[in-house]
Each structure stands twice: as structure tokens, then as C-alpha cells.
1. As a test of reading the structure, rank 242, 424 by solvent-accessible area (1.4 Å probe, protein chains only), most first.
2. With labels modelled as points extended 7 Å from the Cα through the Cβ direction, what inter-label distance (nm, one decimal) is found for residue 271 paired with residue 540?
3. I need the calculated FRET efficiency for the pair residue 339 and residue 422, taking r as the beta carbon distance and R₀ as 45 Å, to the nearest 0.05.
4. Just the accessible area for residue 135, please: 1.4 Å probe, Å², rounded to the nearest 10?
5. If DNA, RNA and ligands are ignored and the probe is 1.4 Å, what is the ranking of 307, 269 by accessible area, most exposed first?
6. Can you give the charge dipole size of segment 412-473 about its Cα centre, rounded to the nearest 20 debye, using +1 on the beta carbon of Lys and Arg and -1 on the beta carbon of Asp and Glu?
7. Between residue 243 and residue 672, 0.36 nm times their residue separation minus their Cα-Cα distance comes to what?
8. Given a Förster distance of 22 Å, report the FRET efficiency between residue 486 and residue 29 from their Cβ-Cβ distance, rounded to the nearest 0.05.
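The values are calculated or read from the model by the stated rules, or taken from the named source; none is laboratory data. Predicted, not measured: the structure shown is a model, and the values here were computed from it. So basically every Cβ, Gly included, is an ideal-geometry build from the backbone, and we count neighbours across all protein chains shown. Ligands, DNA and RNA are stripped out before the accessible areas are found, and what is left, the full protein with its side chains, is counted by its heavy atoms. Shrake-Rupley method; radii C 1.70, N 1.55, O 1.52, S 1.80 Å.
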Amino acid sequence: MRRVYNRGLPRVNHSLRQFVERGTNLWENNPGNPEPFVQFTLTGEFPTDDGCCQAFVDPIQNIVTPHHELSISRDYDSVLGLSPIIMVEDNISVFTVPHPTFALKSGVHVTHPVIFDDIERDVDLHKIPNFEWGKFGPRHHLHVFFPGLWTPERSKSRQPYQTNERERAIWYDLGLRPAILELLGENLAQEWPASYETEEIRARRVRGGHSWSTKIIPEDIVPRLADKIRSHLTLYNNGLDTEEHEWASNFLILHTIRGTKGMTWHQPDPRSADEAFQRFLRSSRLTRDVFTIGEWYIDVAIEISSDEGACLQWLTSTHNLVVQQALLIDDYNAARITDLGSSKYSRDMVSHLTAISGFRIAPGPAAEGFFRVKYLQAYTTDKAIVYNVDSGHHAKFLTVREAMDIEQPTPTISGLHTIYDRATMHNGSNARLELRVPFEFAAHALLEFDPAIIKRCLCIFSRKEWWGFRILRLQAASSVLSWQASAEPELRVHEQALTLTAACVWFINGLHARPEDGPAARRLMDAALPVDEGDEVAAENLAYRRSLPQRRIVYRNDREAGDEDEEEVSDEEEDGRGSRFGIVTHIPDGCVFFRRIKFADAPRFRIGGPTMAEGAFHFWFRMTIEAIESKYVKTGIIDKEVVRRIRSTTNKGRLPRIINWNDDPLPDMFNIGAPGQTLPPPVHDDASDVGDAGTPPPQQTVNTFVSNLFRTFVANVKSKSPNPRGSTTPSYLKINDVERLSSDE
């Protein structure tokens, strides 16, 4: 097995610049033959006078030197504030009734104590039932949370944040509308829906969906609104039972302020930090009571930039130093919360380079430091040029459906190439470090770091090197997809070719965003990346988080007579699960490289290696391999414009195939092969590893092919036989299923 994945080639260190130069030379020196370029760029293999070698990409050669000039600024980026009242000195815009789907659905690394069965526990905010209520300012949001609705069972559901229709109706009918009536008077309140039900009916669109209305709440009644709602919900003559009174009235308002770093930049010194914080509070329209009412957190950040406009990146091996500087904690805790085994720590590999990564950490009470940090993250600003929230992604992304198109490169790939190319001239990359701290520490956090230590934690690249590396890798993956698109359909839908297609999609999307590492992505990595014995793999080189197999020594008295004196045995082998569990997927050469690729008519991974499980395959392609074969081979790959011109729309299902109800083969019905007519030869993959794939089925003769075609035609005619009008009129053709699926005339 190891022969398939690991050839044991001698390694040659490459800086990022050297890798780009070698790849560019292979592209330019082999016009019309992309194989050497693709082989080097995607697998790291390249020829030399002494034989084939393996590239090892080493960005550590680019660590910032002590004398390099860097600029450091500080800013305030966003706010999260949880309070029982609305603490805004401005008009607010709210949905007239609670929105049924808008809610805080993802984690914000802030918890709230909830009491259930007399036990208090800290619950993540996004797991408490809530809904988005409205907005204030240019881009700030208000959410309403109901801690009393939280239960352990509800928190395990797929949408623990969702409120149901009755809960939303209670809050509007018995709380918000009576409060609006009292505060605004009958003349203005009559414009509000009479009930949640009437608004739902009004908002319903003819073609589905809803159009929910919004109203402006004037600034003078905003501070009193939440308490008025609460007072009406606590009335005991409104038809609610005690439990409903409790959860409905004990609601909290979450204030979310985002995207303010551009207006709060300042120098990292105490005076500038305090002045910028005061300006921030005034511009955000928050009341001065935020320091005494509720829980309020702010993101404080420093941003490091090169005076030359170069690209800065965080060094993976120094994450503990960055954390120590940010939290002002001891060496032990800094190392503990940046260990790969820590559940609080996540690495975000950048551009497929293992030595370069950002991180996200929820330090916990033992390591939160003097500033009581709830959350910290380190990242770089190069992601901004491809940022695009769409379908669960936060950056431009390629789909497998696009990758399977006959027209290559796809618009997404061409667009990414244009962005990268322009960035080589105009876009550097700054390094950012952000802490989420309570308001009381806003003007004090991230002021005591040592710039010399921060420099040791960064690598620096020219724009040409950094973006050129991404362009090179994008071009290689795009070449594979173009090569596959031009191949015969039968070769393109080979299981190993499809695995390479999905791997290229994962590869391209991971160039500028955190590579996907969900269950289906892990199975894809297992099939596409190098593997090795678990005891020979360093934990920092694992392709994704997992435990390495433990091995122990088995001595003579534990073994049967005649065996060796001692042997290392993994827990999995001892349990009888086989040595396959000792094989792990890793990234051994400093950069994500694929395992060996065969460049036949359609590029694919080497036959004999692993492929994706059925579930993972369906996740990437949204269909089974049989459906792909039917789509691309049975009917061929036809330009969609041609299909549109010749296809007539029908609501009928797929036509049935004939069934041979006898054990004997069906005889040939035609003899047209005698004059010399033959079928074209089947598509054949003549790569060196095809011997591992088994023997292909025998080729049909012309007579057998045409006979089967005619029998299918007869069965299809019978299956399409129409019925006369009228439900009582008998059918034209009365036959059973056996007769219908047979080829008899």
C-alpha cells in the first residue's frame, strides 16, 4: 500500500519564490504539454539529472527580520451587548412581528447562564431560542432572546435557536402590540397588525414566501419599550399560564455592532486608545449605561502592515508566543491552549501551507488572563478581496457542478485568476490579532505587547511571490479540469478521475479560504492526499484533527510460542480491526500535495488507491456514480444550447429497460455485421496502472447491439401506449408488467 502513496523521493527545499519560479519555468518550457507543470504544482514531483525529486515548501525562510520596518495600528471592530432593555439613543427599525427565520444561528463565543431543573449552566447564545427584531444605525442589529425556553432536549435539535409560531404570536399579541398602543397611542398603533396571524396572512405571497413589514420606533420611546412589553406580558389576565408568563417576560436584547474598524484606527498607546473608544461610543449611538447594565463585549485588534506593501502571514510554530503577548499569561497556559489536542484551539491553514496559519481560540477561565478574554483570533486581510457570503461559504467558491462543465475554465476560475493577478500589483496583506473583551478593558487590552516578539511570529512575502503562488496552483488545478473535460466521457467518469475532480474543487476553494474539513471533506482528503503509518506521522502534519493510533510493546510472555521476542502492536490491530486503521492522511512536504496522478487521456489518481465512500461521493457530486455515468456517458456530454434547441419538455419518467425473463441469452435478430460493419473500438485507458483495474467486459457485436436496441424500442412503445379520454373508458393496451417489459412484439 505504501508503494502507491509514498515513493520515498529525495526532498528538495523550496522557498515560495523558488517554487513559483520552478513552476513558471515548467509551464513556459513545455508548451502544449501541461503534464510536467501539473505534476510539479499539484504533487510536488519534478525531474532532475539524478532522477525524480519531491519539493518541500519552506516559507520559514521568509520570517520577518528584526530590522524590517513594520507599522502597527489599533482599532475597535465590533460589539456584542446583552441587556434587559434597548440601550440605543436613536430611532430603531423593527419587524412589526417577530421574523420567523432570521435569528442568531452561529456561535459568537459568548455564553449566558440558564437555570433548568434548579441547575445553572452556561449556554452559548446561538443555542438559546431567539429572533432578529430590528436594526439601528447603518448596519447594527437587535435580537430578542428567551433563556426560559432553553431545554437540554431543545438544544440538541437541528435549530435550537428557532422560536415556534405560538411563541412569536404570544410575544407580539400580548406584549409588543399592547406596548405600542400605550406608548404611541391609538392613531399610530392602528397601522400595526391586529395580530401575528393577520400579519402572517398579509405577508404571504402568491408564489410562496413572505414579505414582512417593518416600522420605525422613535428615539424618545426606545428606552421604555422593552419594559412596557415586559409589563404587559406579566399581566395575569392575558390568558398565559405561569410558565408562559415567566419565559415570555424574561427576555434579553442582544445589540450587535459590526464593521467599525475603518472608523476607529488609532495608535496603540493608552491615550489614543481611550480617545478612540469614546468616539466609538458616541458614533455607535449606545447609551452611557452600557457600563452598568447588562454584559457588553468589544473586539479590540491590532493590525500589522509592511511599509513596502508586502504580504504578512502568521507563523504556525509561534502561535503560543502570539497568545502569550495578547493575553499576558504564562508559558504553560499559552502552550496548553495552542496545542493541537486542545478543543478550544483551531488552526486556519493559509494557501495550503502548513507553516503558515491563523488561529481561533476560546481560552476558557484558566487562560483568559487579566482582560478576561472570551475569544481571540489571528488572521490576515488578504481574504477580503475574495470575501463573499453565499450558500454557507464566506468567499468565492467553485462547485463540482461547474468543474464538470464541458466549458473550461469556468467563470469562477477565470474570476479568481483575475483577482489574484490584479492583487500582485495592488493588494498586500496585513496581519490582524483580535481579542473579545468586556467593555471595562476596551482601552487597555493589546497595549503591552513587544513588537520585536511579534516580528518573530510573522513571515513576509512580496506581492508577486504570494499571489503568484496562488495563481500557479489555481492554473494547475484548472488544467486538470480542462484536460478531463476534453477526454472521452467513459474515462472522465472513472471513479479515480471523479475523485481527482472533487479534490481539485476542494483544492481551489482552499487557496483563499479555510479548507473544508467536515466529514465528507475528510473522506476526500483520505482519498486524495498522501498517507503513511500513524507512528511515522508528526501530529502537526495531520491533514485534519484526529488521534494518532497508540502502539505498545508486546513481550515474550504475552505471545504464543515461536513468535519474536517483542513487537509493536497498535490498539486497532489488537482489537482485530486490521492495520488499515494505522494509516493516516498527512501533509508531509510543507504544502498540500496530492498523491500520485496518472496523466492518461483523462487525468486521474492512480488505480488501486482509496476512493470516497458513497455518502461522501454524494455530498460532493449531489448524485451517485451511476447517475453520473448515465448523465455523461449514456447520453454523452452535449452543449446546453444544443440540448435546449432539440429537447422537448416532458413530465414523463425515465423509459424502462427490457428484462430477459429466461436464463438463456437472447438471440440476435439481425445479420447486418456480415458485410463488414463493426462497432467502434471501446474507449481504453492504457496507463501503466490499468492492470490493477480488472478485466473489462467483452465488446458487443453489431448484430447484438442492434437487436438489443430494437427490443428496447418495442418495450418503450408498449410503456408509452396512451389511454383514451375518460376514467371509465378501457385502456387501448391491456398487458401485465411482465409482458410490458418483455421484447416480444
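1. Ranked from most to least accessible, the order is 242, 424.
2. Between residue 271 and residue 540, the simple spin-label model gives 4.2 nm.
3. Result of the calculation: an efficiency of 0.70.
4. Approximately 100 Å² for this residue.
5. Per-residue accessible area, sorted high to low, gives 307, 269.
6. 380
7. 146.1 nm
8. Step by step, r from the Cβ atoms, then E = 0.50.
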